[in-house]
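This report refers to the structure that appears directly beneath it.
What follows is calculated from the coordinates using simple rules that are stated; it is not laboratory data. Since the structure is predicted, the reported quantities are computational estimates derived from the model, not experimental observations. Don't worry about glycine lacking a Cβ; one is built from the backbone with ideal geometry, like all the others, and counts go over all protein chains shown.
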Amino acid sequence: MTRRVVFISFLALGAPLCDRALADGEGSSVTPSEEALIFLIAGQSNAGGVAAFSPESNEKSGIAEKHPTIPGSTAAEVGIPTTIAAYPRSNIRGRGFERLTPGRNLKGGYSDPNRHGIELPMAMLLEKRYPDADKFFIKHGPGGHNLHTQWKAGSGPDYMTFMAQVRDSMSELRKRYDKIRVLGLYWDQGESDRPKAEEYGRNLRSLFTAFRRDIGNPELQIFVRKHLFQHGDESFAPILKAQDTVTREDPNAHLLDLDLGSNEKNFKAWAWTDNNGHLSSKAYLELSKRILIRHK
């Protein structure tokens, strides 16, 4: 029996789960399966993603003169396909689910359809690992949103939107599957909390506790992307310390650490353009691999 894989982050507001992506002719199977695997993605702009498809697509965006791509940083250059044919069983959520279609519905930043976040390399890897499984992505990565108010555990507007969609989605999935397993949650956020940096550790612990309580999974695996471009920024040091401390003390939280030791090295290796703190396709691919290593 096939297994359907469901990836959930949060971008669309209040959209009902629908069967649009499951319809024949859109390339998704409607074969019943026993288990749904769910993965959650949340945070701010790097959760949404602005990684460029290619140097050529970046040229078409109109910002290439100011922000050219770093060689080797784009999806095309690291081998991530940007055609719908490469993702026959992957779907993404807008108002409902639709086939994951690069260039149309990845909801990347800069009002440019040819950008992506972690969903694209994750879909590529999952298509290889689970070729007979359907995959679903929803992401919520609003730029500039903080943890101490907007993502505040249990009450912040982003948190409430997130959890409303989790509850609605779980309710619908229980009608389709005998077993539901949450694979994990990718958390990518922190830049907007400098004014409350000393509180970040406490707020992060509270957030993780609330996620686990409200999702109903006390051992929910949470993957925290360590920030890379704040070396020398003393106002950010408590946030970096909190990311490390919380993930060391929490047996079900994991730090995804790509840090090479300096801003210069990190920009060259992991940013899509110079001196810009947004991740590249190369970075998202490496993060995806590190997450999936834990789920072999």
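For this structure, a couple of remarks:
- Legend: calculated FRET efficiency, Arg167 to Glu264, from the Cβ-Cβ distance at R0 = 45 Å, rounded to 0.05, equals 0.50.
- The range 233-270: GluC sites (Glu not before Pro) in DSSP coil with no more than 10 other Cβ atoms inside 10 Å: Glu234
- The range 112-182 versus the range 227-296: alpha-carbon centroid distance in Å: 20 Å
- Asp132 versus Glu234: modelled label distance in nm, points set 7 Å from Cα along the beta carbon direction: 6.0 nm
- The listed peptides 107-120, 185-198, ordered by packing as a protection proxy, come out as 107-120, 185-198 (highest mean of other Cβ atoms within 10 Å first).
- Sparsely packed GluC sites (Glu not before Pro) within the range 61-98, loop by DSSP, other Cβ within 10 Å at most 10: Glu65
- For the chain, the 222 nm mean residue ellipticity estimated from helices alone, with every DSSP H stretch of n ≥ 4 adding -39500 (n - 2.57) and the total spread over all residues, rounds to -9500 deg cm²/dmol.
- Beta bridges per DSSP with both ends in the range 4-293, % antiparallel, nearest 5: 20 percent
- Prolate/oblate/rounded call for the chain, Cα gyration tensor, a/c under 1.5 rounded: oblate
- Relative pair counts by distance (%), Cα atoms of the range 69-172, 5 Å bins: 2, 11, 19, 19, 18, 15, 10, 5, 1
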